[in-house]
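Comments concern the structure below.
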Amino acid sequence: MSDQESLSQLLLEKLNLLQSPNEKINSLDFAQENQFEHQKIVGAVKSLQSLGDLIQSNQVESKRFELTDEGEQIVENGSHEFRVWSAIPNDGSILQSDLMKSIPDSNVSKLGFAKAMSNKWIAIDKSSGKPMVKRNLTNVKDEIRVLLKLVQSGAANKLNDSQRNDLKKRKLIQEILEKSYDIQRGQNFQTTIEKPETDLNAEMITRGTWRTKKFKEYNFNAKGIAPDRGHLHPLLKVREQFRQIFLEMGFEEMSTNNFVESSFWCFDTLFVPQKHPARDLQDTFYISDPAECKDIPRDYMERIRSVHENGGDCGSIGYQYEWKESETRKNVLRTHTTAVSARMLYRAAQEFKRSSGASGDDKEFKPLKFFSIDRVFRNETLDATHLAEFSQIEGVVADRNLTLGHLMGMIKAFFEKLGINDIRFKPTYNPYTEPSMEMYSWHSGFGKWVEIGNSGLFRPEMLKPMELPDDINVLGWGLSLERPTMIKYGISNIRDLVGHKIDLQMVYDNPVCILEPRQQQQQQPVTV
Ligand code: PHE
């Protein structure tokens, strides 16, 4: 039998002993008499209640007085005034300051002194020029302590109103509101507890015993147990939505599982000069072990060297500096997913070259549409909207004779799927694209055009060394995943979205992400 069952049993037996069925037992009294925790008795009452009309119970509220910590102290050591009086020698006097010092707790000495004076238990004699304190009475009764002891023993009702109020005012006692149950026998009272059936089973039906069995009633108010399960972080939910959009548009996902990348793929293949500020230690995390990347395709690396130094055979003059292999081998935490796009384009170019012989010009080129959504790292100053890592969404398209019009059309189609129909473009600079454009969208909340991404047509200086045929152009665009996620879920500080300080409840409770088409907004055209 469980603890609760034996308590329930005890309660039933106690009820059975009562003279009249109308007599009541109070759960608090019962707990006190039998030295049980009241909460346990409440549990037993509730379980008996669920068994039909075995008992009848009524919740009642009662007030009770209890000692405060200070009250408890007084019961132990005497009242403050009594302690002050006791500290004075029986038949002499003591310097007031010595008296005060003799009681370590200054609260006790100050209050006790004032109270003992007003009780006229003690007096000050200044005839010697110094304040000397002596006893006024040879015997005093510590009434406060007596009263508190009464309260402690549960006999607060023996105090009169003014005594009670005085103790309350001095914060020695406090009133507690207690909820308890008055219990009496119910209509179907009996002392044996028959557990009702919780399930109807096949045997009960075939034998017909269900007719006489008692069944436990359904508790339709029970909350039930939340099933254990995993939860998707908001970034993963929004990522899934973007992935769906790319898939609907016929894009193929690139494999992005290398956070560590060589400077070669992260910068050099993208025609980012070796002295570019993005490659500074302040902007990029360099890896110390392994510090260098060993496997870089030799031929391709030499073509990259010459395109940087003098433009190679791209009709460009390059950057006119001495390109260093040691610099390109440095491993970094990738600063953008365009490094992944570069790898994919190089691989596609090489495959195309192999399948079409030396010059692939007349061979049919199967257009490529790739996307990726993954993490990148930058050595940023951290603030409410910047962390040292974030996620990028990137789309890349390669085909013959692509133009700026194709890029703009592709981006428009992409954002329309998000319900953003008002894209504007602004020229910008990227080392690897020309022309390059930032994308802006009207943000009705901020009341201004906000930047939502970056894009461009990849430069010949990037594509030619890969050995893509001349008339194959590649366009691309990128945006962050965090920004739309923060807007979607109304999060204004990125530290509430990512990192060790996030509230996991936020992750549990956030709804699935559905990027609904936005309402057509009233726009105030702004030139950007
Ligand atoms: N790599 C760019 C960025 O980090 C985005 C981009 C991708 C731009 C492709 C042009 C082409 O912002």
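Gly447 meets the conditions (1) within 35 Å of the chain's Cα centre (by Cα); (2) within 16 Å of the ligand (Cβ to nearest atom); (3) farther than 23 Å from Ile245 by Cβ in every case but one. The failed one is (2).
The single residue among Glu434, Glu394 that is surrounded by fewer than 19 Cβ atoms within 10 Å (Cβ to Cβ) and within 11 Å of the ligand (Cβ to nearest atom) turns out to be Glu434. Exactly one residue out of Ile304, Ile296 is in a loop (DSSP other than H, G, I, E, B), modelled with pLDDT of 95 or more and more than 30 Å from His386 (Cα to Cα), and it is Ile296. Taking the criterion of being part of a helix (DSSP H, G or I), surrounded by fewer than 21 Cβ atoms within 10 Å (Cβ to Cβ), more than 15 Å from the ligand (Cβ to nearest atom) and assigned by TED's automatic domain parsing to the domain that holds Arg459, would at least one residue in the range 355-370 satisfy it? Taking every residue of the range 355-370 in turn, at least one turns out to be part of a helix (DSSP H, G or I), surrounded by fewer than 21 Cβ atoms within 10 Å (Cβ to Cβ), more than 15 Å from the ligand (Cβ to nearest atom) and assigned by TED's automatic domain parsing to the domain that holds Arg459.
Examine the range 362-374 for a residue that is in contact (Cβ under 8 Å) with a residue 24 or more places away in the chain, aromatic (Phe, Trp, Tyr) and within 22 Å of Asn258 (Cα to Cα), and state whether such a residue exists. Yes, there is a match, as at least one residue in the range 362-374 is in contact (Cβ under 8 Å) with a residue 24 or more places away in the chain, aromatic (Phe, Trp, Tyr) and within 22 Å of Asn258 (Cα to Cα).
Could you list, in sequence order, the residues of the range 474-494 that are surrounded by fewer than 20 Cβ atoms within 10 Å (Cβ to Cβ), within 16 Å of the ligand (Cβ to nearest atom) and small (Gly, Ala, Ser)? Within the range 474-494, Ser480 is the sole residue that qualifies.
Looking across Gly311, Gly315, one residue alone is at positive phi, buried (at least 17 other Cβ atoms within 10 Å of the Cβ) and in contact (Cβ under 8 Å) with a residue 40 or more places away in the chain. It is Gly311. Filtering the range 199-241 down to residues that are surrounded by fewer than 12 Cβ atoms within 10 Å (Cβ to Cβ) and of a type in the set (Ser, Thr, Tyr), which residue is nearest to the chain's Cα centre (by Cα)? The qualifying residue nearest to the chain's Cα centre (by Cα) is Tyr218. Within the bounds of the range 273-284, is there any residue that is at pLDDT 95 or above, under 18 Å from Leu345 (Cβ atoms) and not aromatic (Phe, Trp, Tyr)? Checked against the condition, which is being at pLDDT 95 or above, under 18 Å from Leu345 (Cβ atoms) and not aromatic (Phe, Trp, Tyr), the range 273-284 yields no hits at all. For beta carbons closer than 6 Å, sequence separation of 6+ or different chains, a first residue in the range 28-51 that is at positive phi and a second that is surrounded by 13 or more Cβ atoms within 10 Å (Cβ to Cβ) and among the polar types (S, T, N, Q), there are no qualifying pairs. Entry remark, the range 450-462: residues being within 8 Å of the ligand (Cβ to nearest atom) and either among the β-branched types (Val, Ile, Thr) or in contact with a helix residue (DSSP H, G or I) (Cβ under 7 Å, 6 or more places away or on another chain) (or both) number 1 in total. When Gln19 is tested against (1) among the polar types (S, T, N, Q); (2) assigned to a loop (DSSP other than H, G, I, E, B); (3) within 41 Å of the chain's Cα centre (by Cα), just one condition goes unmet, and that condition is (3).
Rundown of residues vs (1) within 47 Å of the chain's Cα centre (by Cα); (2) in the same structural domain as Glu217 (by TED's automatic domain parsing); (3) over 30 Å from Gly154 (Cβ atoms), yes/no style:
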{"position": "Lys40", "(1), (2), (3)": "yes, yes, no"}
{"position": "Ala44", "(1), (2), (3)": "yes, yes, no"}
{"position": "Ser50", "(1), (2), (3)": "yes, yes, yes"}
{"position": "Gln59", "(1), (2), (3)": "yes, yes, no"}
{"position": "Ser102", "(1), (2), (3)": "no, no, yes"}
{"position": "Gly112", "(1), (2), (3)": "no, no, no"}
{"position": "Ile122", "(1), (2), (3)": "no, no, yes"}
{"position": "Asp125", "(1), (2), (3)": "no, no, yes"}
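The values are calculated or read from the model by the stated rules, or taken from the named source; none is laboratory data. Predicted model, so just to flag it, every value in this text is computed and none were measured. We place every Cβ from the backbone using ideal geometry, glycine too, and count neighbours over all the protein chains shown.
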